[in-house]
Amino acid sequence: MTRHYSTGFLIFILFSIFISQASASSKINKKNKSFETLGSGWELYLEKSPEQTFNLIDNNTPADFTVTVPHEWNLEIKRFGATSPNTYGCYRYVCSNLEPGTKYALHMKESPGTASAFYINRKIIIQTGNPFAMLEKDFQLDPWHYSPSNSQSIPLYCEFEPDSKGTAEIVVLVSNYYYRKGGLWDTVYLGKADDIWRYNILTLVFYCIVIGSLVFTGLLNLFQFALNKKRTEYFFLGLASFAFAVRIGTAGYCSLGILLPSLCAEIKIKLELLAIWLVPVSILQIVFLIYPSNNRTVVFKFLKEKYLRYFLHIITLSMGLLSLVLPAYYSNKFVPYLQDILIIYSLYVIIFSISNLIKRKRYSLYNFLSFFTIAIGGIIDIIHSNSKETIPIPTLPFFILVFVIIQIIMLAAIQNDIYKETIKASDDLSKLNESYLRFVPKEFLRLLNKESIIKTKLGDYSNIEMTIIFSKVSIVNTNSKEVSLDENFNIFSEYLKTVSPVIKKYDGFVSKFLSGGFMALFPNSNLDAVRAALEIKDTIRKFNESEVCKNHTITPWLGIHFGKMIIGTIGEENRMDDTVISDTVNTAARIETVCEQIHKNIIISEAIYKRIPQEKLGKIQLTPLDVIYVKGKEKPLQLYEVHRKKQNAENLKEEGR
Amino acid sequence: MKKALSILLSLFFISSSLFSAVYRIENPETLSKNSLNIITDWDFYWGKFIKPESNLSEKELNNIPHVTVQVPSDWNKYPFPDEIKAISKTGKGSGTYKLQLTNLKPEQSYAFPVYDLGYTAFEIYADKELIYRSGKPNEDWTQTQAEQHFDKAVFTADKNGTTIITIFISNDFYRKGGLRGSFMLFEEKAYSHFHTKQFCSYSIFAGILLMITVYCILNAFLKKNKVNLYLACLVLAIFSRIVSYTFPILKTLFPAIPFTTMLRIEYLSVFFIPSFITLYINELNKAIFKHIPASVLAFPSLIFLLLNFVLPINLANRMVPYMQAYMFTVIGLCSILFAIRIFKDHDFVSIVAIFSFMVLAIGGIGDILLIHHFTFLNGMHPITPAFVAFSIMQILLVAFIQNRNYTHTLELNDYLVQTNKAYYRFVPKEFLELLSKKDITEVTLGEYKISKAAILSADIRNFTSTSEKLAPIQVFDLLNTYLKRIAPLIRKYNGIIEKYLGDGIIAIFPNSAESALNCAVEMQEQMIELRDEFASRGMPRIKIGIGVHYGNIVIGTGGNTERMAEISLSKDIGIAVKTESFTKRCMRPILATPVAVHIAEIEARQNGRKLEFTTESIPLNSIAKIQKRTSGSAKKSVILSIKSDRIEETL
């Protein structure tokens, strides 16, 4: 059910973002009528300074080329006879029918590159970078030359007033210092100053909100990673988010350039490139962290998927790192290759996520949706950067935002599911633990001085002196019938239930259940065992009268002894048991046999007798028995019978009646 | 005192000159890069719109109530005669401000932001030209049409570098009136740069807050907890403040929003913040609001919220100071309570939380100072970055707490798995299998099952006396090495170790005597090897005796609910043990009751096999009387010794 809710919510969010985007763009469109793009009809004077251009115009010399903006001059350069696009030239456009005295504005999302100067009616009104350095005769193009940087790339906005006739002659000097493409490469918007200003600001606000969102996402994910180092997918998502944020802040509408006006264009282009190589690697890693590769083979036996992936990573990362190290003049030439690799990555991820979707793996829908979005966004962006006519508005920020949101939802869902599953597993485990714990000899392990049962190992032992009760019961049918196994078990089981609390009451515990008896240990005091034995005897008297053992009489035989014992764990690593190894146990067993032979319920050894201070005995009476030679013992044993003084008297009275 | 003096002085100057208020810009060059916040004395004329082109005589001017005041300021407290003060102290009224700026760059365009310059409608003239109009101000202030635009005013200095700024303002509902906003002068280009930069940073802030909100709502949905929900509402309130106050991005996105609606949106944040901050903190640390329930603190803001939408704007506006007082009281209270908690808890959560509140408090104090026209930090509004820092810290805090819970659960689970493994070693698994229980949780006390089975009892000869000569660690090493070798054998023959009794083992082989006997043979066979192994390690060459019997047994669980154990009960078990004890007397490695061998023979015949061993009868008479008596239940008079060429003849 929760899945449905969250999917519904996801759709709602996407929808609302879409609506806001649509409403923002619809506002732009409405205003679009009042401003226009200056597309066709630009004249291009290659390798002419503005002064030369003005002279040529005044002499009515036709331009070298007539071109449509957005325009890259690489083709024209070849026809012109030059080889490198790193040159300069002037573009000219004449606007007429403008209202005199009204403020107009020119706007380009990305200033023409890499440096430019705008002249309107032969008067310079705005300049980006330093385009004039190239016009100097002794100018040498030096790729390693950074400071001072002549290039600048920021959103361009300038206001002007047309002349009294309502015409404005726009001449743009463009100098390309390092980029692989040159020219007036972005759409030029012209309109009334207010409208253009608003359009500019709206674009800025939209881009910056997206950047803010991505920066936060990056921060959050890196924080999550810092908290839990095992979850590297958070690290990669954080990295990707930051790379995306930087990309949106630098590519196209360079809002980073507004925040940091001194940002050098050569560095800007490297930041811009960051997204192309860092993001694919990160995203592919995220995918394979969520769905660990089963190392499927591709085509050949030896060509494992993993190798293919690492091969791609190595190529991309090495190109990316090179692009950071090399001057922008060289590194921007990697872009087409990196874009090709990006397409391979997209295909890789899309194929993988579709196959996951078909296999109906968990979270595959999230994955598929997000990658589908980013792939479409990426493709649109590539089309946009190659031909601005087909898709005029860059939509990538929107797609990226959606992608990141879906990824966050997915990671949150995964974490949440793990959390819930763990809680459920813990519940089951603790139930299981409870049932296991009943078989664990807790008191015994406590005697072994182990803080935690987890630390108990096979062969752990401890030397200890304590009292042992060795007990058996004889169950006799009052009608002299043979006791069936069922009856035997039921009565014995009830007997154990009755006796266990008594033993516990006197700080003892049952170490072993024997066939028809038990072995109990009393680590604290001798008297405890004696008292427990007496109470067992009393309890059994009541027990004999109870419903459970109708027609049956049970008689407990309790042999009590004290001595040194070695207790420890024996068995195998995965089937352990506790045990007591000592002659004391054997002696106790012999004493119990004596009980049966001479029909005394409780008999203690001399070892105990000596240790019980007489003044503490109270109502307990200890009667010495004849010296008995116990089998297997060289020395004879002096034994004592235990009974209550008072009760004994009462018993006698009863018998007397 | 100073003010009164300046008023007296200005009164003196007014009588001599039409434009007494003059502001000389000291460094006009700096305006191309930085803004200049002009805080100076302006002329103010009450209730009259003195147009720049009008040539009023000194006498006429003197008839208009006028003072010289420092701007930015509210006219509520201007020193006027009492009958004017009665009006002006409500904020309502109209009037003209005048200032002459000198030492500007000649012919240079200058710009200044006008968003909240004057309340609530105003016109700005530079020299004689109308350069900006916001709404429709009127000398009769009840006719004011309030409006607000997020815009700038631009003027060009004359040849001498001077400009007279005339601003006409009227206000009919706002609780404070006059030229209230900072007069920030830029060169036009510098303004454009500054403004775009502001847009950039505010949008990034807005983006961050928006994403935090989205993230919180998502979390609230996924984890179904209130912390995230309250935090989402809190951040949303902060977000609404940032987009509507001082730098209203909202106004840029939707220029059609009316002035009053913008005000209400702005107030929304003030109404929301205290309640959600309280509820959020309460969720974060339940111990904080032990004495004052959080809902009690949060409740008034809901009333304020309702009033904000219901009341007319002028009343809603007048509520704001109370609301602000309430907000800062709540924030302050929360900070103090949190600070107290720190001394009690010392945990990371409280420290981060108190730090974030400190940031918020500093931002809030800065904001209040700005409202009351103390300028610092170049006129920046510290509340915006403070809000964003606060929100980020909160979200990181929530993430931290969630992560802590998450890892805690995982650790707990790890611990459970470990204890589970540890406990499991003590669970008699095969035994429970005999009870036909698949799941151990189903096992209850007192369950039992009666079945026919072969019982094998094995014991180490003279173990007690042997063990006395060894160190305890050697005893356990010896025993465990022995068991490690024997136990797999018993499993191999589908037997179950019922119990370890010191050095002895009792094993049960359900429904098969043959396998029990075969197992016994192989056990003795293995013992030959084991003895050599022990000998090589300098340990005693231990020998075992094995007794096998076949009969009915009952197995089940016994003890009490806390300490359960497997128990088996049968006289036949006793017989097996007894049979084993005969091995010592007879000096034979394996003894079996005739019944066991007989059953084994039948089993072998059914499966078309021959027994892998031979037997030899030993009359029981040859064994001492005491055994005869105790083993009376076994009425057979003979016992069989199992022989095989693989094992030693005698024990």
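The values are calculated or read from the model by the stated rules, or taken from the named source; none is laboratory data. Quick caveat: nothing in here was measured; it's all calculated off a predicted structure. Note that each Cβ is placed from the backbone with ideal geometry, even for glycine, and that neighbours are counted across all protein chains shown.
Could you figure out which of (1) part of a helix (DSSP H, G or I); (2) crowded, with 22+ Cβ neighbours inside 10 Å isn't true of residue A:253?
Here residue A:253 meets the rest and fails (1).
With the structure loaded, tell me whether residue A:505 is modelled with pLDDT under 85 and over 24 Å from residue B:449 (Cβ atoms) or whether it fails that test.
No; evaluated as a whole, the condition is false for this residue.
Working only within region B:456-469, note down all residues that are at the interface with another protein chain (Cβ under 10 Å from one of its Cβ atoms) and surrounded by 15 or more Cβ atoms within 10 Å (Cβ to Cβ).
B:463, B:464, B:467 - these are the residues of region B:456-469 that are at the interface with another protein chain (Cβ under 10 Å from one of its Cβ atoms) and surrounded by 15 or more Cβ atoms within 10 Å (Cβ to Cβ).
Can you confirm whether region A:553-564 contains a residue that is in a loop (DSSP other than H, G, I, E, B) and in contact with a Lys or Arg (Cβ under 7 Å, 6 or more places away or on another chain)?
Checking region A:553-564: not a single residue is in a loop (DSSP other than H, G, I, E, B) and in contact with a Lys or Arg (Cβ under 7 Å, 6 or more places away or on another chain).
Search region A:356-378 for residues being β-branched (Val, Ile, Thr) and in contact (Cβ under 8 Å) with a residue 24 or more places away in the chain, and hand back the single one that is farthest from residue A:247 (Cα to Cα).
A:373
Step by step: first the residues of region B:496-520, then only those that are closer than 24 Å to residue B:477 by Cα and away from chain A (no Cβ under 11 Å), then the one that is nearest to the chain's Cα centre (by Cα). Which residue is that?
B:507
Say whether the condition of being assigned to a loop (DSSP other than H, G, I, E, B) and touching a Gly at 6+ places or on another chain (Cβ under 8 Å) is met by at least one residue in region B:196-205.
There is no residue in region B:196-205 that is assigned to a loop (DSSP other than H, G, I, E, B) and touching a Gly at 6+ places or on another chain (Cβ under 8 Å).
Looking at region B:560-583 only, could you name the residues that are closer than 17 Å to residue B:501 by Cβ, surrounded by fewer than 24 Cβ atoms within 10 Å (Cβ to Cβ) and in contact with an Asp or Glu (Cβ under 9 Å, 6 or more places away or on another chain)?
Of everything in region B:560-583, those that are closer than 17 Å to residue B:501 by Cβ, surrounded by fewer than 24 Cβ atoms within 10 Å (Cβ to Cβ) and in contact with an Asp or Glu (Cβ under 9 Å, 6 or more places away or on another chain) turn out to be B:566, B:577, B:581.
Looking only at region A:443-456, count every residue that is facing chain B (nearest Cβ under 10 Å) and touching a residue at least 60 places away in the same chain (Cβ under 8 Å) and tell me the total.
4
Tell me, which strands (runs of 3 or more DSSP E) lie completely within region B:99-192 with 1 or more residues that are closer than 19 Å to residue B:20 by Cα and within 14 Å of chain A (Cβ to nearest Cβ)?
none
Considering only region A:173-198, state which residues are touching a strand residue (DSSP E or B) at 6+ places or on another chain (Cβ under 7 Å) and within 14 Å of another protein chain (Cβ to nearest Cβ).
Once the filter is applied, which keeps residues that are touching a strand residue (DSSP E or B) at 6+ places or on another chain (Cβ under 7 Å) and within 14 Å of another protein chain (Cβ to nearest Cβ), region A:173-198 yields A:193, A:195, A:196, A:197.
Just for region B:505-539: of the residues that are in a helix (DSSP H, G or I) and small (Gly, Ala, Ser), which one is farthest from residue B:601 (Cα to Cα)?
B:536
Do the conditions hold for residue A:532, that is, is it buried (at least 24 other Cβ atoms within 10 Å of the Cβ), within 14 Å of chain B (Cβ to nearest Cβ) and modelled with pLDDT of 85 or more? Quick ask: steps written out before the conclusion?
Details: buried (at least 24 other Cβ atoms within 10 Å of the Cβ): yes; within 14 Å of chain B (Cβ to nearest Cβ): no; modelled with pLDDT of 85 or more: yes.
Considered against the rule, which asks whether it is buried (at least 24 other Cβ atoms within 10 Å of the Cβ), within 14 Å of chain B (Cβ to nearest Cβ) and modelled with pLDDT of 85 or more, residue A:532 comes out as no.
Under the condition of being crowded, with 22+ Cβ neighbours inside 10 Å and more than 7 Å from chain B (Cβ to nearest Cβ), which residue from region A:492-505 is farthest from residue A:543 (Cα to Cα)?
Once the filter is applied, the top-ranked residue is A:503.
Residue A:584 - would you say it is polar (S, T, N, Q) and outside any helix (DSSP H, G or I)? So that I can check it myself, show each step before the final result.
Details: polar (S, T, N, Q): yes; outside any helix (DSSP H, G or I): no.
It is false that residue A:584 is polar (S, T, N, Q) and outside any helix (DSSP H, G or I).
Inside region B:397-504, counting only helices (runs of 4 or more DSSP H) that do not spill past its ends, which hold 3 or more residues that are in contact with a Phe, Trp or Tyr (Cβ under 9 Å, 6 or more places away or on another chain), hydrophobic (A, V, I, L, M, F, W, C) and without any contact (Cβ under 8 Å) to a residue 12 or more places away in the chain?
Filter on region B:397-504 gives B:472-492.
Only one of these conditions is not met by residue A:512: (1) at pLDDT 85 or above; (2) surrounded by 17 or more Cβ atoms within 10 Å (Cβ to Cβ); (3) closer than 18 Å to residue B:563 by Cα. Which number is it?
(1)
Taking region A:463-488, which residues are out of contact with any Ser or Thr (no Cβ under 7 Å at 6 or more places or on another chain), within 21 Å of residue A:596 (Cα to Cα), within 12 Å of chain B (Cβ to nearest Cβ) and at pLDDT 85 or above?
Once the filter is applied, which keeps residues that are out of contact with any Ser or Thr (no Cβ under 7 Å at 6 or more places or on another chain), within 21 Å of residue A:596 (Cα to Cα), within 12 Å of chain B (Cβ to nearest Cβ) and at pLDDT 85 or above, region A:463-488 yields A:470, A:472.
For region B:88-98, name all the residues that are out of contact with any helix residue (DSSP H, G or I) (no Cβ under 6 Å at 6 or more places or on another chain) and assigned to a strand (DSSP E or B).
B:95, B:96, B:97, B:98
Looking at B:387, B:400, B:426, which is the one that is crowded, with 17+ Cβ neighbours inside 10 Å, over 27 Å from residue A:581 (Cβ atoms) and either at pLDDT below 80 or at the interface with chain A (Cβ under 8 Å from one of its Cβ atoms) (or both)?
B:400
Specify which of the listed residues (A:572, A:547) is surrounded by fewer than 18 Cβ atoms within 10 Å (Cβ to Cβ) and closer than 28 Å to residue A:445 by Cα. It would help to see each step written out before you state the result.
On the way: A:547 fails: closer than 28 Å to residue A:445 by Cα.
That would be A:572, the only listed residue that is surrounded by fewer than 18 Cβ atoms within 10 Å (Cβ to Cβ) and closer than 28 Å to residue A:445 by Cα.
All but one of (1) among the small types (Gly, Ala, Ser); (2) at positive phi; (3) free of Cβ contacts under 8 Å to residues at least 60 places away in the same chain hold for residue A:252, so report the exception by its number.
Every condition holds for residue A:252 apart from (3).
Among B:196, B:213, B:246, B:252, which is at pLDDT 85 or above, within 28 Å of residue B:319 (Cβ to Cβ), hydroxyl-bearing (Ser, Thr, Tyr) and out of contact with any Cys (no Cβ under 7 Å at 6 or more places or on another chain)? It would help to see each step written out before you state the result.
On the way: B:196 fails: within 28 Å of residue B:319 (Cβ to Cβ); B:246 fails: at pLDDT 85 or above; B:252 fails: at pLDDT 85 or above.
B:213 is the lone residue from the list that is at pLDDT 85 or above, within 28 Å of residue B:319 (Cβ to Cβ), hydroxyl-bearing (Ser, Thr, Tyr) and out of contact with any Cys (no Cβ under 7 Å at 6 or more places or on another chain).
Please go through region B:197-216 and give me each residue that is within 8 Å of chain A (Cβ to nearest Cβ) and without any contact (Cβ under 8 Å) to a residue 40 or more places away in the chain, ordered by number.
Scanning region B:197-216 gives B:197, B:200, B:201, B:204, B:207, B:210, B:211, B:214.
Filter region B:282-315 for residues that are in a helix (DSSP H, G or I) and either under 17 Å from residue B:350 (Cβ atoms) or in contact with a His (Cβ under 7 Å, 6 or more places away or on another chain) (or both) and give the result. If you could, list the steps in order and put the result at the bottom.
Step one: filter region B:282-315 for residues in a helix (DSSP H, G or I), giving B:282-284, B:294-310, B:313-315.
The answer is B:282, B:283, B:284, B:294.
Looking at region A:140-176 only, could you name the residues that are over 21 Å from residue A:123 (Cα atoms) and either among the hydroxyl-bearing types (Ser, Thr, Tyr) or part of a strand (DSSP E or B) (or both)?
A:146, A:147, A:149, A:151, A:153
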